[in-house]
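Take a look at the structure set out below.
The numbers here are math on the coordinates, done by the rules we state, and not lab data. Note that the structure is predicted; figures quoted are calculated from it, not measured. Reconstructed Cβ throughout: ideal geometry from the backbone, glycine too, with neighbour counts over all protein chains shown.
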Amino acid sequence: MQTPGPLRMILVHIALLAVTLLTLFPVLWVVKMAVEPGQALQLTVNPFPTSFSLQNFRDVVSTTAADGTWLFGWQLLNSLVISGATALVGLCLACTAGYALSRWGFPGREEAMGLFLLTQMFPGVMMSVPLYMLLERAGLLDTMTGLILVYSTTSVPFATWNLKGYFDTIPKDLEEAAMMDGAGRWTTFTKIILPLARPALAVTGLFAFISAWNEFILAATMLGDERRYTLPIVLKGYVGEFSAEWGHFAAAAILVSVPVTVLFFILQRHLVEGLTAGSVKG
Amino acid sequence: MISGLVLAAAAFAGEVTIWHAYRGGEREALESLAATWQERHPGVTVLPVFVPSEALADKLQAAVPHGSGPDLFVYAQDRIADWSDREIILPVPAEDGGWHPVAVEALTFGDQRWGWPLSTKCAALFYNRALVPEPPGTTDALVALARSLTREGRYGLVYEVASAYHNAGWLHGFGGGVFAGGGGVALDHPANIAAYRFIQDLALSVVPSEPTGALVTQMFNEGRAAMTLNGPWFLAELDPALSWGVAPLPVVSATGLPAAPYVSVEAVFLARRSGEAEALGAWLAADEAALLRQEQGRQVVASVGVPVTDPALSAFRGQLDHAVPLPTRAEMPQTWEPLARALRRLTRGAASPEAAASEAQSWYKVLTRPSPEPASPWPYLGVAALALAGVGWRFGPKLWAQPLRQWAFAYVWVAPAFLGMTLLTVLPFILGAAISLYDDEGTTFVGVSHFLDILLARDFPFWSPMSFWATLLVTLTWTLANVALHVGLGVTLAMLLREPWVRMRGVFRALLILPWAVPSYITALIWKGMFHKQFGAINALLALFGVEPVSWFASFSTAFAANLATNTWLGFPFMMVVTLGALQSIPRDLEEAAALDGADGWQRFRHVTLPLLKPALLPAVILGSVWTFNMFNIIFLVSGGEPDGSTDLLISQAYRWAFTRGHRYGYAAAYAVIIFGVLVIYGRVANRLAGRKVL
């Protein structure tokens, strides 16, 4: 395709730059609030910091419990473990289901696909009370296991659906060849299909990870001990009923966002390939 | 006898868990008190657990009835009526612990004492000594002073003028109040109307618009607010360099009565009875602990025997003599929203005091409408049985006809995901949906009355923002507009970012997906700040082009636009990435061929690229629209439904009915079921429009 004229090129670049700046504007504000000393919500036009201090970060990172336990450390670890386990469990549940739905026309397949979409239509904020009762019955309240199970099952519909879309794009000849060589279904799946689906697995896992990493309402309802808290609960704690520590909030927000942003950038290439959002074959 | 002793000893040598939402100095004070108690009582462990304030009440309500809550917890007294009824809190001995009478009054309900008072929180008048040498003693003096000080970006009085809590002092000072006249709820009492008029005058003359708590703090610290009404929590936010004072609220000139703000009494409540918990609870409220809480936590302690040296704390204690305990009556929770709505309309100048008063009263009536009549469950069971039989008749033969055994392996592959989802997603939803057939207490079966109330818009005219149909229209418009913008922007950017001649494509792409990576509740709060009328960045940018400041949350169209802008910002990266992915699998030679045939850029996109993109975009669009339909965070955090609930979506309405309008669980569950029904219909229509089964 030929390159457009210089005027058009400049215009396109200016437009891209403008959109990017607009996109960055709110993010810059968070940075500004975090690095400027004080706890006020900054409401000025200038999104760049006018003074610099790391005090807010120091305060946030150094929170300790009454007995000297390093709370922030534990909470970071909890968040990592819960989100990581969610991604792993979610992927394990979703990959076999996605593969079965992609390959085999068993009775009830259409209905199962329909059910996956239906679960996306449940109004989420109304589910916390019944979920609490269920976990309570199962003795999983106030445990990481309970939260991991809830998060991973919540992530299953999108994960299954996205993986199915990707499996659809993998030609069937590969499996047929392997089957001819005497490999079973399971071997074919683990040895041939899964390695090929790596981009989709990465993206699907990232999604499950992020949704668990950012979730606040369920975590705050289900966990009862500060040492088991995840970071979003702590983050919300900075903006309380009567007073708001915006500086601490912003600093914590940056600390919470950084790992996810880094993951995003690392997986960027996969993101474009692996987010099939339903394949061409349907 | 012996077993009783053993039990008592066991209870004493245990662990006492205490939940609280304290931060900073108050938290340190509580924790060091817990440590002191442990030292003095070997064998006892005291575990203070911090729970964020917005989660504390919900958590208590969920945990305590199941026996998994704390022994003690710290909370304000305003939920005593409800909590004592549900046995979330237990009565304590009615001792005289040397507390201010108003604190004791606040904790007395139904002839019993609930909890030990720790501290009191009520508003008083903060003033900047550089601008206000002597605090005004009457409202006339206050208004005159505030008017003379309001000029050139400075305001005489800055407080949360639309908040029911902050204005309670004026209501009582004019002889009114929520329960004015001594009977039931009387939001339209003549004394209240007089107070509304006074508040409206303040709002329109000396108070800046949309004053949020954060803005009040900022303006007062910058010397741009001469006075403010605020509580003791404000002390922690004051700039140490500022010279300020605190005084009791002035006397209302029209009535000669002192303005009496609400006082909320923070108490330690007993959730699980044990000798140890009771001893600790009483000790935390006694003078010795109160002194430490005052010195280290800067609390306005309820113990009047403790000497106060800090002038600010002593001013707050003085205000206690003219304060009204936050009512604990069962009707109280349902009065907040009507009153807040009335105040928002008043302070925007959108309603006269009389109109706002009568609206508030009738809105209150709607919120407290008696539960529907009980219904017989038998017809419903009959219908349910028929439906089950129908499903069996429809799908049974299909399953039996196919050799199930042949596909057994496939079911095994799907089973883990299916089981997990059924247990933890489908089952909770069905449980929640079942509530919709019961009254709001969850005890009486009422059949489909909630559904009829909602669908027939029984409580509101069809066109009122509160009616289901108006909200549905807003929700559909919201969904359509968002999806159109997400797709439009996402596809445009993706088309540009795939061109090899664009410089730094990687950098642009990386930066443009940033909104997706940052948690949405963080950015939603930031966007809300940017839309502030006087101090937000958006109006400041518009001012560069000579546009008058826009009051974004005062009219439906601008509030809707603000929500839309925020959600577009959040949502376009997803569509951009989906499109980029889909574009990779589209060979460009087709476009080149079209270019050779003389097709211009738009024609090439419209007739070559778009049809190829469609299969990948359609599922993303359908899923995206389902998510947008139920997008709760943005509405709740940005516009908050303003003005007057007109920008609320179905999901935020459901949430309000369940949690902020006096716990109408049955009604809210019915809303949730209807939302689900609407989406199911939408899914069918979307599939039909797409011409094939997309999902």
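Among the listed pairs A:32/A:236; A:164/A:191; B:59/B:528; A:164/B:614; A:236/B:59; A:236/B:533, give every one whose C-alpha distance is greater than 22 Å. The partial results should precede the final answer.
Values: A:32/A:236 19 Å; A:164/A:191 17 Å; B:59/B:528 28 Å; A:164/B:614 18 Å; A:236/B:59 15 Å; A:236/B:533 25 Å.
Check vs 22 Å cut-off fails for B:59/B:528; A:236/B:533.
What ranking do B:227, A:179, A:121 get, fewest neighbouring Cβ atoms within 10 angstrom at the top? Mind dumping the intermediate values first?
On the way: B:227 27, A:179 14, A:121 19.
Ordered from fewest to most neighbouring Cβ atoms within 10 Å, B:227, A:179, A:121 come out as A:179, A:121, B:227.
Taking N as the number of residues in the stretch B:468-690, what is its Cα Rg relative to 2.2 N^0.38 Å? Intermediate results must be reported in sequence, preceding the final value.
Values: Rg = 20.1 Å, N = 223, 2.2 N^0.38 = 17.2 Å.
That ratio works out to 1.17.
Largest first and in whole Å, what are the equivalent-ellipsoid semi-axes of the stretch A:1-156 based on the Cα gyration tensor, each being the root of 5 times an eigenvalue?
Working: eigenvalues 318, 226, 43 Å².
Over the Cα atoms of the stretch A:1-156, the semi-axes work out to 40, 34, 15 Å.
Can you sort A:10, A:210, B:454 so the residue with the fewest Cβ neighbours within 10 Å comes first?
The most exposed by this proxy come first: A:10, A:210, B:454.
Select from chain B the helices, each a whole stretch of DSSP H, whose alpha-carbon atoms run 20 Å or more along the helix axis and whose Kyte-Doolittle mean is at least 1.6; answer none if there are none.
B:468-497
What is the Å³ per residue value for the convex hull set by the Cα atoms of the stretch A:101-155?
Values: hull volume 6.1 nm³, N = 55.
For the stretch A:101-155, the hull spanned by Cα atoms encloses 111 Å³ per residue.
Long-range amide H contacts for residue B:16: which residues qualify at under 5 Å (H placed 1.01 Å from N, peptide plane, sequence gap of 5 or more or a different chain)?
Distant-sequence amide H within range of residue B:16: B:45, B:46, B:47.
Could you compute the longest span of chain B free of chymotrypsin sites (Phe, Trp or Tyr not before Pro) located in DSSP loops and having at most 11 other Cβ atoms within 10 Å, not counting the site residues?
B:1-461
State the three equivalent ellipsoid semi-axes of the stretch B:158-200, derived from the C-alpha gyration tensor as the square roots of 5 times its eigenvalues, in descending order and whole Å.
Working through the eigenvalues yields semi-axes of 18, 10, 8 Å.
Amide H neighbours of residue B:438 under 5 Å, at least 5 residues apart or on other chains, H built in the peptide plane: list them.
Amide H neighbours of residue B:438, under 5 Å, 5+ apart: B:446.
For residue B:476 and residue B:455 in the same chain, what is the full-extension length gain: residue separation times 0.36 nm, less their Cα-Cα distance, in nm?
Length gained between residue B:476 and residue B:455: 5.9 nm.
At q = 0.11, 0.14, 0.16, 0.17 Å⁻¹, work out log10 I(q)/I(0) for the stretch B:476-564 with the Debye formula, treating every Cα as an identical point scatterer and leaving solvent out; two decimals please.
-0.46, -0.72, -0.89, -0.97
Hey, how much of the P(r) for the protein assembly as shown falls beyond 45 Å, as a percent of Cα pairs?
Across the protein assembly as shown, Cα pairs with separations above 45 Å total 35 percent.
Going by how many other beta carbons lie within 10 Å of each one, how would you line up B:622, B:681, fewest first?
Ordered by Cβ neighbours within 10 Å, fewest first: B:681, B:622.
To the nearest µm²/s, what D does Stokes-Einstein give for the stretch B:407-504 at 10 °C and 1.306 mPa s, using the Kirkwood radius over alpha carbon pairs as Rh?
Answer from the Stokes-Einstein relation: 85 µm²/s.
Determine the shielding of peptide B:503-515 by partner chains: average, over its residues, the number of Cβ atoms on other chains within 10 angstrom of each Cβ.
Whole-number average of other-chain Cβ neighbours for B:503-515 is 5.
Report Rg (one decimal) and Dmax (nearest whole number) for the stretch A:6-53, counting Cα atoms only, units Å.
Considering the stretch A:6-53 through its Cα atoms, Rg and Dmax are 14.8, 48 Å.
Hey, what's the Cα Rg ratio for the stretch B:1-157 versus the globular rule of thumb, 2.2 N^0.38 Å?
Working: Rg = 22.1 Å, N = 157, 2.2 N^0.38 = 15.0 Å.
The stretch B:1-157 yields a ratio of 1.47.
When the convex hull of the C-alpha atoms of the stretch A:182-248 is computed, what volume per residue in Å³ does it have?
Working: hull volume 9.2 nm³, N = 67.
Value for the stretch A:182-248: 137 Å³ per residue.
If you take every DSSP beta bridge whose two residues both sit in the protein assembly as shown, what share of them, in percent to the nearest 5, is antiparallel? Could the numbers behind the result be given before it?
Numbers: 30 of 43 bridges.
Percentage antiparallel, nearest 5: 70.
Suppose we take every Cα in chain B and form the convex hull; what volume per residue is that in Å³?
Working: hull volume 168.8 nm³, N = 695.
With only Cα atoms used, chain B gives 243 Å³ per residue.
Could you derive backbone 3J(HN,Hα) for the stretch A:130-144 from the dihedral phi with the Karplus parameters 6.51, -1.76 and 1.60 (θ = phi - 60°), listing whole Hz in sequence and x where the residue is Gly or Pro?
Values per residue, Gly and Pro as x: x, 4, 4, 4, 5, 5, 4, 4, 7, x, 9, 5, 6, 10, 5 Hz.
Using only C-alpha atoms and all pairs of different ones, pull out the Kirkwood radius for the stretch A:71-274 in Å with one decimal. List each step's numbers first, then the result.
Values: mean 1/r = 0.0534 Å⁻¹.
This gives a value of 18.7 Å.
If amide H atoms are built 1.01 Å from N in the plane of the peptide, which residues on other chains or at least 5 residues away come under 5 Å of the amide H of residue B:244?
Sorted by chain and number, the residues that satisfy this are B:129.
For every helix of n ≥ 4 consecutive DSSP H residues, a contribution of -39,500 (n - 2.57) applies; sum these over chain A, divide by its total residues, and give [θ] at 222 nm rounded to the nearest 500 deg cm²/dmol.
Dividing the helical sum by the residues of chain A leaves -22000 deg cm²/dmol.
Alpha carbon centre of the stretch A:68-123 versus the stretch B:134-191: separation in Å?
53
Could you tell me the center-to-center distance, by alpha carbons, between the stretch B:262-279 and the stretch B:476-523 in angstrom?
Answer, in whole Å: 52.
With labels modelled as points extended 7 Å from the Cα through the Cβ direction, what inter-label distance (nm, one decimal) is found for residue B:86 paired with residue B:606?
Label-label distance for residue B:86 and residue B:606, simple model: 5.9 nm.
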